[in-house]
Amino acid sequence: MQLFEENTILHRASEFNFAYARVGSEIKFDQNIFDSYCYDGWLNIHHDLLVLSAAVESADRRWARSAHRWSRKVHLRIPVIELATWQDGNVQQQLAAALRHLTGDQWSFEFCRWEGEATRNKRQRPLFPNQDKQFALAYSEGLDSRCIAGLLNKSDTAVCVRVGKHKELPKDGERPFDRLPFEVSVDPSAEDSVRSRGFKFAVITAIAAHLSSVSRIVVPESGQGALGTVLCPLLGIYPDYRNHPTFFRRMEKFINTALGACLSYEQPRLWRTKGETISAYLAEGAEQSHILSTRSCWQQRHNVRIGGKVRQCGVCAACLLRRMSIHAANIEDSSDAYSVADLKAATYADAIAQQEDFHPTGTLSEFGYMGARHLHQLAQLSDVSDQSLRPYVLELASALGEAESNTHRSLRRLLRQHSEEWYAFTAAAGEQSFLNIWTMGGRNG
């Protein structure tokens with residue numbers, strides 16, 4: 001795949017607010033990594049999908065959302081090779097619908113002819129020679145990815161795909177994975193919600209599945225991560241659908257029309273908590289060290305480095321869900337894994353690691369407070385009426401093609417299990433702990 005700087009993506013948030021992103025400058029693809037795969041089957045449409053995904057990410061990060069309104073209007077002009085495909089009104093409609101549902105923004109597109117060479121059509125050998133691959137899986141260093149890959153990939157039948165800037169070797173307990181990397185530079189990056197990450201991962205796993213002649217794409221996310229952000233959205237913020245079944249149904253319509261394929265996104269742990277997923281993995285003989293060597297934290301690494309070692313913050317929603325799930329699986333967690341390790345402390349200030357080189361940002365406690373409140377409110381949903389749950393049940397049942405009664409039972413069971421795990425976790429921290437004070441709406445006691 002040859003890329004040229006004259007191929008430029010235009011995106012604008014209004015008639016008077018626009019910017020250019022050049023392929024080869026603000027958007028970079030690593031040609032050497034693509035060559036290293038050495039496979040037959042890379043198509044121009046795959047190239048176009050990567051350019052599209054990079055363009056969406058660039059536009060998503062460039063303009064901050066209004067303090068009074070979540071939704072933005074974004075128009076993209078993108079150079080593509082398979083121009084006829086992208087000028088198809090049905091493809092554009094399904095693309096805009098998927099992104100609208102994912103990000104809450106209004107997207108429109110204009111496609112023009114790619115000025116460079118087409119991608120190379122011949123490689124030396126298939127991407128996965130002499131292997132019986134059955135599904136693709138978006139792989140990260142998180143708990144769910146590690147556990148679900150271990151549960152489903154016992155016979156090495158998964159196409160594990162990772163997006164990253166740097167080459168990384170598999171860690172202890174990991175299976176080998178491949179990556180299709182690109183890098184988007186936006187300086188400054190004005191919007192930090194970056195809901196389009198879900199689109200990027202969905203596109204790249206779809207490309208990997210298509211190249212590998214498999215139709216199944218496994219989403220490695222347990223129930224709280226997939227559904228919690230829609231069941232309990234933050235006040236005034238559009239619900240986060242990046243791992244929700246309704247988003248994947250829209251992605252299937254778009255990606256299958258664009259590729260002329262029949263791919264499907266599956267969520268095998270949708271009705272199980274992260275704690276249950278960890279327990280299932282351990283029951284298969286996994287080592288606890290494989291669990292503890294994962295990373296869940298959302299925080300930037302310079303915010304959580306202590307004594308030259310990168311830690312996880314320990315209090316953001318992702319960290320609290322991780323710690324709660326490890327507790328539910330009866331694993332002894334490592335205290336030096338977190339910058340804020342002691343959840344039994346009476347105040348947040350007492351829990352912070354007392355190290356001269358650790359200077360937590362002012363927002364760290366805000367992330368922790370909101371994370372604790374989110375997980376607590378999700379636990380409280382186990383007691384709401386059937387009528388209150390019904391809108392969510394109808395949405396899920398429609399997306400999953402299941403009976404409303406079955407979906408209701410599954411959702412109710414998930415919420416009850418989460419509730420049991422959360423209350424056991426907070427009880428272990430102690431009634432007078434800052435964590436329990438946070439769950440009740442208090443800040444510093």
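Where a number appears in this text, it was derived from the coordinates with a stated rule and is not lab data. Note that this is a predicted model, so its numbers are computed, not measured. Note that each Cβ is placed from the backbone with ideal geometry, even for glycine, and that neighbours are counted across all protein chains shown.
Okay, here's what the table says:
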{"quantity": "Shape of region 295-439, Cα gyration tensor, a/c cut at 1.5", "calculated": "prolate"}
{"quantity": "Efficiency of FRET from Cβ geometry, residue 190 and residue 332, R₀ 51 Å, rounded to 0.05", "calculated": "0.75"}
{"quantity": "Relative exposure of 51, 186, judged by other C-beta atoms within 10 Å (fewest first)", "calculated": "186, 51"}
{"quantity": "Region 288-352, relative contact order [Cα under 8 Å, separation at least 6], %", "calculated": "27 percent"}
{"quantity": "Trypsin sites (Lys or Arg not before Pro) within region 220-262: DSSP coil, no more than 11 neighbouring Cβ in 10 Å", "calculated": "none"}
{"quantity": "Residue 361-residue 412 pseudo-label distance in nm [points 7 Å out on the Cα-to-Cβ vector]", "calculated": "4.2 nm"}
{"quantity": "Contact order relative to length of region 214-333, as percent, for alpha carbon pairs under 8 angstrom and 6 or more apart", "calculated": "25 percent"}
{"quantity": "Residues 440, 370, sorted so that the one with the fewest Cβ neighbours within 10 Å comes first", "calculated": "440, 370"}
{"quantity": "Cross-link pairs 133/200; 73/200; 28/309; 154/274 - those with Cα-Cα distance over 25 Å", "calculated": "28/309"}
{"quantity": "Net charge contributed by nearby residues that have their C-beta within less than 11 Å of residue 399 (K/R +1, D/E -1)", "calculated": "-1"}
{"quantity": "Gain upon complete extension [residue 346, residue 234; 0.36 nm per residue less C-alpha separation]", "calculated": "37.7 nm"}
{"quantity": "Simple label model, 7 Å out from Cα along Cβ direction - residue 100 to residue 262, nm", "calculated": "2.9 nm"}
